[in-house]
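J.: Before anything else, here's the structure in question.
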Amino acid sequence: MAKKYLIETFGCQMNVHDSERMAGLLEQAGYEPTDDERDADLVVINTCSVRERAEDQLYTRLGELRVLGEETGHRPIVAVAGCVAQQEGAALLGRTNGHVIDAVVGTQRLKMLPVVVEKGARAPFAEVDVAPWDDVSFPLGVARRGDPVKAYVTVSEGCNDYCAFCVVPYTRGRERMRPKADVLADVREAVDSGRREIQLLGQIVNDYRAPDDPACDFAGLLAAVHEVAGVERIRFASPHPRHTGARLIEAIRDLPKVCKHMHLPVQSGSTRVLQAMRRRHTREQYLELVAQIRDAIPNVALSTDMIVGFPGERVQDFEQTLTLIEAVQYHSIFSFKYSVRPNTLASKRMPDEVSEAEKTSRIVALQSRQREIQTRLHQRAVGSTVPVLVDSVSRRRDGEMSGRTTGNTVVNFVPPGDTGSPAPGSGSRWIGQTVPVTIRRAGPNSLWGEMAGVDRAKTGRSAPEAPGDTHAD
Ligand code: SF4
């Protein structure tokens, strides 16, 4: 009987895609997937160490597996992959605080997972060697893509920027580019397997330069992906402000399949803090860039990452963060309290001096202000009809579907023909289609509407009272 595997993923889209690749490798090696940890012969925990809290999740999960083993006698092989694996290496192995880990595989050794697991089953084994210029090729078609609509495609890995707070250059290694031919082959494979939206991934995705086509930068890559028949939408994450030039802005404006959304990490609204963070952009440069983008693409939706409580952040600095989000009017932000990360410049040279209580108070204020901004922006969409790429059945309201606008806003809607009390999941035939939805209500996190042309009386449905709570990002 085939052995069964379960992969648990924490962290970013890059990790999600790595898990898809690891799943494919394990299936090639004869494993079968399972969702039940009591049934799994192998549990792979794909970890994130970007925030302290994310790292803690590994230890929580290991504790749960230990309890499961004590209660049931079931003891799967446990492998740790991802950024914590790369960061801690062989130190994770063995029995530490009761947590059992059999195998560790680093971010740049994922291709070896089946071998590492086999060795780990015999005796604790770690494979985390860093080869700075290791190629980023991966066997085409191996990934077991988990999403029926969108496909992640890696274009580069690693980062050379060494922002003071960030662990990524230490866990993902130096920046390496994937050949354009491989990227396009991956895109074609994703489209052939039914995916409609391509999400290009790289730590600084817009620093892309094709190793096999020296004239091709990231704007050129977008144009090449745009040419692939069957691609309906293109997104990318994450661009860096300092690599966002006129060519890229024009590409987003001029290529219809490229979504009119940019995630543009800023991290702070204070130039003083940005300099301490070694971000290589000032508040003024960032706002100038936002003005250029909005000038070229008036309806573009912007999102960002923000850290509060970075060492040395004064109240005045934080207030500049608040004025920045008002100035930019982001559609969403990912905000975090600063936490010390191993090896980083900040961990070595900057005392973590903003108190936890102050960090909490700042993040609450930031998120509250952002919620007001998002609500206002979403309210403006009420009454309009927007194309929505349907990606799932709503988990909150039977018979409703969920998808995203080109600006990446979640829209829950009633599909046509679902009158009375539709069966859960009855609208799943719409998944993968782009449909027009007339927006009826707006909340801070999402919109709610009806497919255009559908008589509301016939649907028998009314808008929920709090659409913002139906499907948060
Ligand atoms: S640009 Fe800065 S924040 Fe982004 S991955 Fe590189 S070091 Fe980290």
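The values are calculated or read from the model by the stated rules, or taken from the named source; none is laboratory data. Just so it is clear, the structure is predicted and the values come from calculations on it, not from any experiment. Because the Cβ atoms are built from the backbone with ideal geometry, glycine has one as well, and the counts that use them run over all protein chains shown.
J.: Take ASP418 and tell me if it is at pLDDT below 95 and surrounded by 17 or more Cβ atoms within 10 Å (Cβ to Cβ).
T.: yes
J.: Taking into account only those residues within the range 292-350 that are within 16 Å of the ligand (Cβ to nearest atom) and within 16 Å of THR409 (Cβ to Cβ), which is surrounded by the fewest Cβ atoms within 10 Å (Cβ to Cβ)?
T.: Per the criteria, the residue is PHE334.
J.: I'm checking my understanding of the structure. Among residues of the range 267-307 that are free of Cβ contacts under 8 Å to residues at least 60 places away in the same chain and in a loop (DSSP other than H, G, I, E, B), which one is nearest to CYS216 (Cα to Cα)?
T.: Looking at the filtered set, the residue picked out is ILE297.
J.: Does LYS111 count as more than 27 Å from PRO342 (Cβ to Cβ) and in contact (Cβ under 8 Å) with a residue 12 or more places away in the chain?
T.: Details: more than 27 Å from PRO342 (Cβ to Cβ): no; in contact (Cβ under 8 Å) with a residue 12 or more places away in the chain: yes.
Against the criterion (more than 27 Å from PRO342 (Cβ to Cβ) and in contact (Cβ under 8 Å) with a residue 12 or more places away in the chain), LYS111 does not qualify.
J.: Let me ask something else. Taking the condition of a type in the set (A, V, I, L, M), in a loop (DSSP other than H, G, I, E, B), buried (at least 16 other Cβ atoms within 10 Å of the Cβ) and in contact (Cβ under 8 Å) with a residue 24 or more places away in the chain, does ALA381 pass?
T.: Working: of a type in the set (A, V, I, L, M): yes; in a loop (DSSP other than H, G, I, E, B): yes; buried (at least 16 other Cβ atoms within 10 Å of the Cβ): yes; in contact (Cβ under 8 Å) with a residue 24 or more places away in the chain: yes.
The answer is yes for ALA381.
J.: Out of the residues in the range 160-204 that are free of Cβ contacts under 8 Å to residues at least 40 places away in the same chain and near the ligand (Cβ under 10 Å from one of its atoms), state the one that is surrounded by the most Cβ atoms within 10 Å (Cβ to Cβ).
T.: For the range 160-204, the residue satisfying everything is GLU175.
J.: While we're here: Answer with yes or no whether PHE336 is outside any helix (DSSP H, G or I) and among the hydrophobic types (A, V, I, L, M, F, W, C).
T.: Yes, satisfied.
J.: Which one of these is within 30 Å of CYS163 (Cβ to Cβ), surrounded by 15 or more Cβ atoms within 10 Å (Cβ to Cβ) and at pLDDT 95 or above: GLY407, GLY403?
T.: GLY407
J.: Separate question: Looking for whichever is among the acidic types (Asp, Glu), on the phi < 0 side of the Ramachandran plot and under 20 Å from the mean Cα position of the chain (by Cα) here; the options are ASP182, ASP186. Which one fits?
T.: On the way: ASP182 fails: under 20 Å from the mean Cα position of the chain (by Cα).
Result of the check over ASP182, ASP186: ASP186.
J.: For the range 134-159, give me the residue count where each residue is away from the ligand (no atom under 16 Å from the Cβ) and not charged (D, E, K, R).
T.: Matching residues across the range 134-159 total 13.
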